[in-house]
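**Q** Please read through the structure below; I'll follow up with questions.
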Amino acid sequence: MFRFHAIAFLLCFVTSLTAEVDNSIIPTIETYERIESLNPKKYSKAQFNEISSALSRYNERIRAVSYNILFDLYDHNLAEEYRWPQRLPRLVEILEDMQPDLIGVQELYHRQLQGVMPLLEPTYAFYCKPETDGELNGIFYRKERFEVVDSQVFEMTPGSTLTMLKLKDLKNGLCIAVFNTHLAFRNIEKREQQARYIATHIRSHSDGLPIILMGDLNTFPHRLQLDKLPFYDGDYIHRILAKAGIQDAVGVSIVGHLGPLSTSTFSEDGDRPFEGTGSPGILMDHIYVSDGIEVLMHAIQPATVNGLFPSDHLPVIADIVIKYN
């Protein structure tokens with residue numbers, strides 16, 4: 001294990017000397033989260049006042065990121081540059097660029113965690129179901145920012161989990177319930193069952209706290225003209241989750257959305273991964289929030305490292321603040 005960690009660390013160190021993050025959305029986010037960068041003529045007075053009020057709490061901002069990092073189970077089917085050992089340093093570079101406070105990660109396996117954790121451990125702690133074989137679906141949280149109040153992992157269906165952390169924000173003393181999950185891909189009935197489990201359980205286990213739900217939900221919208229889409233149940237899944245009183249952050253962002261309107265790195269024809277930013281409107285990865293959360297900005301990060309993506313998914317970003325009671 002030590003040898004693996006040492007090799008991973010050395011690989012990331014060497015890569016960092018030559019790595020260049022391209023096309024990052026972060027500078028644009030930082031620009032538009034300054035009130036002086038917004039044109040008041042494009043808003044009503046009431047809306048601009050709402051934006052101003054939200055951005056006045058910018059120093060309390062929490063950056064949440066949902067990221068499917070792609071498991072290494074089928075690396076043998078990928079070109080060498082897209083296999084896990086080559087993607088790991090790119091993943092670390094992208095995370096460093098985004099500077100998240102919370103990361104809900106999907107398709108992370110234990111052997112991949114062994115490579116990631118030594119590189120993130122100075123800044124982040126990690127919580128997941130103790131597992132050596134299956135997908136971990138855990139939550140990284142910034143250690144200097146949060147204190148764990150409670151933690152639990154729920155089994156939605158055999159082999160699929162919903163991870164929960166209740167965290168106290170050390171900046172303001174406010175608490176939130178953070179969930180992370182990964183819904184089934186091929187099995188439509190199982191995906192619906194999992195969504196109903198989430199809608200039923202997150203309220204009863206959050207103790208009235210504001211809620212953040214991060215995850216790869218594998219949602220494909222009912223855009224019938226896109227006949228290559230494998231499913232059309234995405235909007236139905238969203239309606240199920242809405243019954244729990246949570247909303248997709250992309251629709252309630254006070255400042256707006258930045259970046260692509262897709263969370264895959266497939267070519268627009270959907271045939272080749274790592275070659276584009278997908279078909280517009282195909283968002284499989286999401287961050288949901290309850291009424292106790294105010295979303296400042298929603299974004300999808302299209303960045304590459306030296307021209308290459310770290311995963312076949314793009315990370316979703318939501319900059320949020322917890323509302324005072």
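The values are calculated or read from the model by the stated rules, or taken from the named source; none is laboratory data. Since this is a predicted model, take the numbers as computed values, not measurements. When we count neighbours, we look across all protein chains shown, and the Cβ atoms used for this are built from the backbone with ideal geometry, even at glycine.
**Q** Sort out which residues of the stretch 89-110 are part of a helix (DSSP H, G or I), in contact (Cβ under 8 Å) with a residue 40 or more places away in the chain and out of contact with any Leu (no Cβ under 7 Å at 6 or more places or on another chain), and write them in order of number.
**A** Residues of the stretch 89-110 part of a helix (DSSP H, G or I): 89-98, 110.
Checking which are in contact (Cβ under 8 Å) with a residue 40 or more places away in the chain leaves us with 89-94, 97-98.
The answer is Leu91, Glu93, Ile94, Asp97, Met98.
**Q** What's the number of the only condition in (1) touching a helix residue (DSSP H, G or I) at 6+ places or on another chain (Cβ under 7 Å); (2) of a type in the set (Gly, Ala, Ser); (3) at pLDDT 95 or above that Ala46 fails to meet?
**A** Of the numbered conditions (1) touching a helix residue (DSSP H, G or I) at 6+ places or on another chain (Cβ under 7 Å); (2) of a type in the set (Gly, Ala, Ser); (3) at pLDDT 95 or above, the odd one out for Ala46 is (1).
**Q** If you check Pro158, Pro230, which single one turns out to be under 20 Å from Tyr109 (Cβ atoms) and not basic (Lys, Arg)?
**A** On the way: Pro230 fails: under 20 Å from Tyr109 (Cβ atoms).
From the options Pro158, Pro230, the qualifying one is Pro158.
**Q** State whether one or more residues within the stretch 243-265 are surrounded by fewer than 14 Cβ atoms within 10 Å (Cβ to Cβ), assigned to a loop (DSSP other than H, G, I, E, B) and either out of contact with any Phe, Trp or Tyr (no Cβ under 6 Å at 6 or more places or on another chain) or of a type in the set (A, V, I, L, M, F, W, C) (or both).
**A** yes
**Q** Kindly indicate whether Leu226 is farther than 30 Å from Thr200 by Cβ, surrounded by fewer than 23 Cβ atoms within 10 Å (Cβ to Cβ) and more than 17 Å from the chain's Cα centre (by Cα).
**A** For Leu226, the condition - farther than 30 Å from Thr200 by Cβ, surrounded by fewer than 23 Cβ atoms within 10 Å (Cβ to Cβ) and more than 17 Å from the chain's Cα centre (by Cα) - is met.
**Q** Considering each of Arg145, Arg83, Arg57, Arg61 in turn, give the residue that is touching a helix residue (DSSP H, G or I) at 6+ places or on another chain (Cβ under 7 Å) and either under 26 Å from Tyr324 (Cα atoms) or without any contact (Cβ under 8 Å) to a residue 24 or more places away in the chain (or both).
**A** Values: Arg145 fails: touching a helix residue (DSSP H, G or I) at 6+ places or on another chain (Cβ under 7 Å); Arg57 fails: touching a helix residue (DSSP H, G or I) at 6+ places or on another chain (Cβ under 7 Å); Arg61 fails: touching a helix residue (DSSP H, G or I) at 6+ places or on another chain (Cβ under 7 Å).
Going through Arg145, Arg83, Arg57, Arg61 in turn, the sole match is Arg83.
**Q** Out of the stretch 52-88, which residues are assigned to a helix (DSSP H, G or I) and more than 20 Å from Val289 (Cα to Cα)? Working first, answer last.
**A** Of the residues in the stretch 52-88, the ones assigned to a helix (DSSP H, G or I) are 52-55, 58-60, 75-77, 80-82, 84-88.
Listed by number, the residues that qualify are Ser52, Asp75, His76, Asn77, Glu80, Glu81, Tyr82, Trp84, Pro85, Gln86, Arg87, Leu88.
**Q** A follow-up question, please. Taking the stretch 124-145 as the search range and keeping residues that are among the aliphatic types (A, V, I, L, M) and surrounded by 18 or more Cβ atoms within 10 Å (Cβ to Cβ), which one is modelled with the lowest pLDDT?
**A** Initial filter on the stretch 124-145 (among the aliphatic types (A, V, I, L, M)): 125, 136, 139.
Going one step further and asking which of them are surrounded by 18 or more Cβ atoms within 10 Å (Cβ to Cβ), we end up with 136, 139.
Values: Leu136: 92, Ile139: 98.
It comes out as Leu136.
**Q** Out of the residues in the stretch 61-93 that are of a type in the set (A, V, I, L, M), over 24 Å from Ile176 (Cβ atoms) and out of contact with any Lys or Arg (no Cβ under 8 Å at 6 or more places or on another chain), which is surrounded by the most Cβ atoms within 10 Å (Cβ to Cβ)? If you could, list the steps in order and put the result at the bottom.
**A** In the first step, residues of the stretch 61-93 are kept if they are of a type in the set (A, V, I, L, M); the result is 62, 64-65, 69-70, 73, 78-79, 88, 91-92.
Cutting the leftovers down to over 24 Å from Ile176 (Cβ atoms) gives us 70, 73, 78-79, 88, 91-92.
Right, trim to out of contact with any Lys or Arg (no Cβ under 8 Å at 6 or more places or on another chain) and you get 73, 78-79, 88, 91-92.
Details: Leu73: 11, Leu78: 17, Ala79: 9, Leu88: 21, Leu91: 25, Val92: 23.
Once the filter is applied, the top-ranked residue is Leu91.
**Q** Here's something else I'd like to know. Given (1) farther than 18 Å from Thr181 by Cβ; (2) free of Cβ contacts under 8 Å to residues at least 24 places away in the same chain, where does Val295 come up short, assuming only one miss?
**A** Unmet for Val295, out of (1) farther than 18 Å from Thr181 by Cβ; (2) free of Cβ contacts under 8 Å to residues at least 24 places away in the same chain: (2).
**Q** Condition (residue is under 26 Å from Gly234 (Cα atoms), assigned to a strand (DSSP E or B) and either hydrophobic (A, V, I, L, M, F, W, C) or modelled with pLDDT under 95 (or both)) applied to the stretch 168-175: is it met by at least one residue? Talk me through it step by step, then tell me what you get.
**A** Taking the stretch 168-175 as the starting set, the residues that turn out to be under 26 Å from Gly234 (Cα atoms) are none.
No.
**Q** To continue, here is another question. Mind checking which residues of the stretch 126-171 are among the charged types (D, E, K, R), more than 24 Å from Asn187 (Cα to Cα) and over 15 Å from the mean Cα position of the chain (by Cα)? Steps first, answer last, please.
**A** Let us first name the residues in the stretch 126-171 that are among the charged types (D, E, K, R), namely 129, 131, 133, 135, 142-145, 147, 150, 155, 166, 168-169, 171.
Within this subset, residues satisfying the condition of being more than 24 Å from Asn187 (Cα to Cα) are 142-145, 147, 150, 166, 168-169, 171.
Lys143, Glu144, Arg145, Glu147, Asp150, Lys166, Lys168, Asp169, Lys171 - these are the residues of the stretch 126-171 that are among the charged types (D, E, K, R), more than 24 Å from Asn187 (Cα to Cα) and over 15 Å from the mean Cα position of the chain (by Cα).
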